[in-house]
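Below you'll find the structure, written out as structure tokens, and then a few comments.
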Amino acid sequence: MGLGSAISGVGVKIDNPLKAAAIKKDLQKALGYRYFVRTWTDMNRNLFSAIKLEKAAMFIILTLIILVACFNIAGTLIMTVIEKTKDIGILKSIGANRSGIMKIFVLQGLLIGAIGSLIGGICGAWLAGALGRYPIVEKLGLQEIYYFDRLPVKIELMDFTLVIGTAVIISLLATLYPAWKASRLDPVEALRYE
Amino acid sequence: MIKAKGVHKIYTNGAEKLPVLKGIDLKIEKGEFVSVLGPSGAGKSTLLHILGALDEPTQGVVYLDGSDVYGLTDSKRAQARNRLIGFVFQFYHLLPEFTALENVMLPGLISSQSAAGGPRSRAKELLGLVGLGARLNHKPGQLSGGEQQRAAIARALVNKPAVLLCDEPTGNLDSESGKGIIDLLERVNKEEKATLVVVTHEAQIAKRADRILKIKDGRLE
Ligand SMILES: Nc1ncnc2c1ncn2[C@@H]1O[C@H](COP(=O)(O)OP(=O)(O)OP(=O)(O)O)[C@@H](O)[C@H]1O
Ligand SMILES: [Mg+2]
């Protein structure tokens, strides 16, 4: 192409592929504006933006699943409130105020939500870790197609906390209506009869 | 201590209106023992709940210790129920999941917000006083009716209320344990100077009061 022995590019192999972005920055600074540094993620931009989109879609789906679980929490709590109408009346008669009654049910729902989220989070993290160690690609006989024998897994603490935090917050929101309902209950009806 | 002026209570069921109380005026002095007599459905329980800051009248004013209870905020009214009033119901109304001791401590826990010493030792003392000193850790299901009612009275007394409101406290008991309950209430009335209001069907019990209020057709006679 008339370039003779000129070099058009240099490939750099690094130990930790996840540090590519940081190394790119250093290299770019060292080389100056006349050179163009691209990492493997830059070169596969389309692939990675597809994966990113997939992650967002997964997040939405998972949020919907959590939402369903929260309707469960709300349903359970509404049942408890109905079941405990008399006890709520008793507590009111000995001086519990509305916010006190509300706290009881918010706390119960939050406890269910937090325990569930935590168990789910721990199981999920464990499963993801196991997936990273288990040579699933090889076992499925797919290493001809892919260049690796296992799925690379990276557990992001940020994602982990975000998921658990979202679950707990949604379950907190789920408790509000039943708890509010309980606090507004007329205590007298329940106390009149056995 | 308790003052009611022009108290009406009307239940509305759709378009149907059922007046239960039709203008009750009363005044009960501090330390008085008053009984309320009347036929079933006359509105005795309704009146007691209204006097006890538990059920808002459709019309009229109730003063407890000088303050207009239904003019207060919910939390202030709850506080009045907690500090000023002790309720005793016909069906005891103890919380079934808690022991006698825990049930009796409960009003103390609500007011002090702490489980430290105070309510627990007071509850133990009161359960001893009502003869349940050996049954502290029994659940209501393991107690007889009379025993449950005595625990309920201990619960009503835990915050040293100025007013005891009792809705047929002996309605479910045989006459022997019923008499024991009334003796106990009367003792609290005399010794602690607590104002005592007892709703009852039984003329026997009503006679022991300083004053009898007869309620009929939603009015006091
Ligand atoms: N939520 C309600 N809706 C309609 N009517 C009601 C309601 N609550 C109570 N009542 C009616 O109010 C009337 C008075 O009831 P209350 O319980 O005060 O009577 P009572 O004098 O205590 O009777 P008892 O001696 O049988 O306990 C009754 O006729 C009852 O049916
Ligand atoms: Mg009644």
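The values are calculated or read from the model by the stated rules, or taken from the named source; none is laboratory data. This structure is a prediction, so every number in the text was calculated from the model and none was measured. No Cβ is skipped: glycine too gets one built from the backbone with ideal geometry, and neighbour counts run over all protein chains shown. Surface accessibility is based on the protein's heavy atoms, side chains included, excluding ligands, DNA and RNA. Shrake-Rupley method; radii C 1.70, N 1.55, O 1.52, S 1.80 Å.
Tabulated values for the structure
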| quantity | calculated |
| --- | --- |
| Accessible area, probe 1.4 Å, largest first, for residues A:ARG98, B:ARG187 | B:ARG187, A:ARG98 |
| Region A:48-191, Cα convex hull volume normalised per residue, Å³ | 121 Å³ |
| Area buried, chain A against chain B - accessible surface, total, 1.4 angstrom probe, square angstrom | 1900 Å² |
| Candidates B:LYS207, B:LYS22, B:LYS124: whichever shows maximal mean-square fluctuation once chain B is modelled as a Gaussian network with Cα springs under 10 Å | B:LYS207 |
| Kyte-Doolittle mean at least 1.0 and Cα axial length at least 20 Å: DSSP H helices in chain A | A:45-83, A:98-133, A:157-184 |
| Among A:GLY75, A:ILE119, A:ILE155 - extreme Cα towards positive end, dipole of chain A, charges at beta-carbon | A:ILE155 |
| Peptide-level mean, for A:86-93, of C-beta atoms on other protein chains within 10 Å | 6 |
| Helix-only mean residue ellipticity at 222 nm for chain A, each DSSP H run of n ≥ 4 adding -39500 (n - 2.57), per residue, nearest 500 | -24000 deg cm²/dmol |
| D (Stokes-Einstein, µm²/s), Kirkwood Cα radius, region B:45-133, 0.890 mPa s at 25 °C | 167 µm²/s |
| Inter-probe distance in nm under a simple model that places probes 7 Å from Cα toward Cβ, at B:LYS190 and A:SER49 | 9.2 nm |
| Accessible area per residue in Å² at 1.4 Å probe, computed on the protein assembly as shown | 58 Å² |
| Accessible-area composition of region A:78-161, carbon plus sulfur, in percent [1.4 Å probe] | 71 percent |
| Under DSSP loop assignment and at most 15 Cβ neighbours within 10 Å, longest chymotrypsin sites (Phe, Trp or Tyr not before Pro)-free interval of chain A | A:37-145 |
| With all protein chains modelled, accessible area of B:THR99 [1.4 Å, Å²] | 20 Å² |
| Dipole magnitude (debye, nearest 20) for chain B, charges at Cβ of Lys, Arg, Asp, Glu | 360 debye |
| Relative contact order of chain B, defined on C-alpha pairs under 8 angstrom at six or more residues apart (%) | 30 percent |
| Subset of A:LYS19/A:LYS139; B:LYS44/B:LYS207; B:LYS3/B:LYS179 violating a 22 Å alpha-carbon distance limit | A:LYS19/A:LYS139; B:LYS3/B:LYS179 |
